[in-house]
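First up is the structure itself, then whatever we jot down about it.
The values are calculated or read from the model by the stated rules, or taken from the named source; none is laboratory data. Keep in mind that what you see is a predicted model, and the values were worked out from it rather than measured. A quick note on method: Cβ atoms are made from the backbone with ideal geometry, for glycine too, and the neighbour counts reach across all protein chains shown.
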Amino acid sequence: MSTPKFVETIISLGSNIEKERHLPEAIRLLRRHRKIDVRKVSRFFESDPVGGPEDSPEFFNAAVVACTDLSPLELRAELRHIEDVLGRVRTDDKNAPRTIDLDVVYYGDLVVSFDDWQLPDPAASAEPHVAIPIADVAPTWVDPVSGRTAYDMMLGVDAATEAVRPVMSITLAQPYESRGPDEFEHSGDVYAPKLEAIVRAQLLEIGENPDREGLVRTPLRVAKAMDFLTNGYSTSLSEVVNNAVFDAEDADEMVLIKDIEFYSMCEHHMLPFFGKAAVAYIPQGKIIGLSKVARVVDLFARRLQVQERLTNQVADAIEEILDPLGVGVVIEGQHLCMMMRGVQKQDSSTVTSAMRGNFKSEARTRSEFIDLTRG
């Protein structure tokens, strides 16, 4: 079975154990996964439990449309890993309460049967708690077996078998979103419940009131900010470069990109450090799109870092991508852990360098690079 490089897929989600926390957290982990690009998220729907113990709590259900280059089996394995992270305990009772349930319902137009599951998932046309969220997020999605749209399939399910209701009190916050002047009107937003709870506990620990007007949405903001500032963990070098490497047999002089702004966080105090980077290389038959060099810097800067390692990682990445004759990287940064605390030296800066190939072995090349960074 051949697998296209990138495929649109629909994933169904359900939870009835601490569902207000686990369902948003599962979506956050999907968003953070470097191989799963979440495009759309449905509203949350509440549904009555089917089977299981009589006192089972109601479920929250949702569906996401995502793009992935994982195979169906690889994608299912990654979903199982997220379930494990969120404390899912599997039993022989398929209707038992669970922290989270993640299922691949559609994988493009693939129709296939595996040992214990199949694509498309028959639940998409038979179970309201699956069909309704899918129709909400992708009403025009065409089922490859029946040829019907998700909306038509939703109309065809037997709604009498289970009551499914939209949950109007919860809005799933978008990542890295600037809300604007109406921000406080959306106090029901959730994004990363576990991380938000940690931030709330920190506010209480320092003697603040997290329920006062100025702080009521701070846990949400901090969670989203942390996801943005550390999104280098969920991105790979190949994704950043995105095939923007070109043949250039006649290019044999130094290429320098300087004054690349970066922002990172030190791993010792989780305080910001920031500054500018200069990256140079001498081609050996290949060059890279200029903007990609800045993106490589961001890839490693958006992780918990020390400046020395950041400098070497950028140099190693350029060397890996291009196999050039040489690479030189110089970074100058200011560290708030020195400026705000400790020695409190506001005018201090740190300069680090990494040299590879003839930047390291040839003093003339190295001096030319250093002189150009100062100009």
Among the helices (runs of 4 or more DSSP H) lying completely within segment 74-166, list those that include at least 3 residues that are touching a residue at least 40 places away in the same chain (Cβ under 8 Å) and under 20 Å from residue 50 (Cβ atoms).
128-137
By residue number, the members of segment 278-299 that are under 25 Å from the mean Cα position of the chain (by Cα) and surrounded by fewer than 16 Cβ atoms within 10 Å (Cβ to Cβ) are 289, 290, 291
Just the residues that are farther than 22 Å from residue 365 by Cα, touching a Leu at 6+ places or on another chain (Cβ under 7 Å) and surrounded by 15 or more Cβ atoms within 10 Å (Cβ to Cβ), please, taken from segment 254-270.
264, 265
Test each condition in (1) in a helix (DSSP H, G or I); (2) of a type in the set (Ser, Thr, Tyr); (3) modelled with pLDDT of 90 or more for residue 233 and report the one that comes out false.
(3)
Residue, nearest to the chain's Cα centre (by Cα), within segment 242-264, restricted to residues that are part of a loop (DSSP other than H, G, I, E, B) and within 30 Å of residue 306 (Cβ to Cβ)
242
Before we move on, is residue 286 in contact with a Phe, Trp or Tyr (Cβ under 8 Å, 6 or more places away or on another chain), in contact (Cβ under 8 Å) with a residue 24 or more places away in the chain and farther than 20 Å from residue 236 by Cα?
yes
Would you say residue 292 is in the same structural domain as residue 247 (by TED's automatic domain parsing), basic (Lys, Arg) and part of a helix (DSSP H, G or I)?
yes
I'd like the full set of residues that are at pLDDT below 95 and crowded, with 20+ Cβ neighbours inside 10 Å, limited to segment 323-337.
335
Give me the residue from segment 240-283 that is in contact (Cβ under 8 Å) with a residue 40 or more places away in the chain and polar (S, T, N, Q) and, out of that set, nearest to residue 348 (Cα to Cα).
264
Evaluate the following for residue 318: is it under 23 Å from residue 250 (Cβ atoms) and crowded, with 16+ Cβ neighbours inside 10 Å?
yes
Starting from residues that are surrounded by fewer than 17 Cβ atoms within 10 Å (Cβ to Cβ) and of a type in the set (Asp, Glu), keep the ones in segment 79-105 and report whichever is nearest to the chain's Cα centre (by Cα).
84
Answer yes or no: is there a residue in segment 169-188 that is within 27 Å of residue 300 (Cβ to Cβ), surrounded by fewer than 14 Cβ atoms within 10 Å (Cβ to Cβ), at pLDDT below 90 and charged (D, E, K, R).
yes
So how many residues does segment 32-66 have that are surrounded by 21 or more Cβ atoms within 10 Å (Cβ to Cβ), closer than 17 Å to residue 192 by Cβ and in contact with an Asp or Glu (Cβ under 8 Å, 6 or more places away or on another chain)?
2
